[in-house]
Amino acid sequence: VQLQASGGGLVQPGGSLRLSCAASGSIFSIKAMGWYRQAPGKQRELVAGIGKDGSTNYTESVKGRFTISRDNSRKKVYLQMNSLKPADTAVYYCKVVAGWGTGSTYWGQGTQVTVSS
């Protein structure tokens, strides 16, 4: 199973980016999908999650600015990030829970998001 994240980059404050994460390989019965981030010197934190039923949750600091979505047929999860702030600078990782029963957890390789003028 592989998760390929893309879409990161350098953007000015107030700008937008769209992250994508594609799952491939022997992955089935995808349950939860999500995006995490890790800034230098900080612990990895949940940014947004989306359940199999489409229910979503966001960390407080991104509510109203970020939107998570998923395409089950393509095994993809997206994160639309608007009104970006320097505090959003981090490496962003996608996570997928899939498989039998409660499933196994898979992580993408990370994509750098830098918000700076």
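Filtering Ser83, Ser69 for residues that are within 18 Å of Leu10 (Cα to Cα), modelled with pLDDT of 95 or more and of a type in the set (Gly, Ala, Ser) leaves a single hit, Ser83. Across segment 26-39, a minimum of one residue is classified as open to solvent by 60 Å² or more (accessible area, probe 1.4 Å), over 24 Å from Val115 (Cα atoms) and free of Cβ contacts under 8 Å to residues at least 40 places away in the same chain.
Are any of the residues in segment 87-96 part of a loop (DSSP other than H, G, I, E, B), open to solvent by less than 70 Å² (accessible area, probe 1.4 Å) and touching a Phe, Trp or Tyr at 6+ places or on another chain (Cβ under 7 Å)? No, the conditions are met nowhere in segment 87-96. A Cβ distance below 6 Å, combined with a sequence gap of six or more or placement on separate chains, defines the contacts here; from segment 41-68, residues that are within 16 Å of Val91 (Cβ to Cβ) reach residues that are surrounded by 13 or more Cβ atoms within 10 Å (Cβ to Cβ) and charged (D, E, K, R) in the pairs Val47/Arg37. Consider segment 16-25 and keep the residues that are hydroxyl-bearing (Ser, Thr, Tyr) and at pLDDT 95 or above. The one that is surrounded by the most Cβ atoms within 10 Å (Cβ to Cβ) is Ser20. For segment 54-67, the candidate set comprises residues that are part of a helix (DSSP H, G or I) and not hydrophobic (A, V, I, L, M, F, W, C); within that set, the residue that is least open to solvent (accessible area, probe 1.4 Å) is Ser61. Please determine, by comparing only the residues of segment 42-53 that are modelled with pLDDT of 95 or more and either out of contact with any strand residue (DSSP E or B) (no Cβ under 7 Å at 6 or more places or on another chain) or part of a strand (DSSP E or B) (or both), which one is most open to solvent (accessible area, probe 1.4 Å). Going through the qualifying residues, I end up with Gln43.
Evaluation of Ser73 against the conditions (1) among the small types (Gly, Ala, Ser); (2) outside any strand (DSSP E or B); (3) open to solvent by less than 60 Å² (accessible area, probe 1.4 Å) shows that the sole unmet condition is (3).
The values are calculated or read from the model by the stated rules, or taken from the named source; none is laboratory data. This one's a predicted model, so the numbers in the text were calculated from it and none came from an experiment. FYI the Cβ positions are ideal-geometry reconstructions off the backbone, even for glycines, and counts take in every protein chain you see. What goes into the accessible areas is simple: the full protein's heavy atoms, side chains included, and nothing from ligands, DNA or RNA. Shrake-Rupley method; radii C 1.70, N 1.55, O 1.52, S 1.80 Å.
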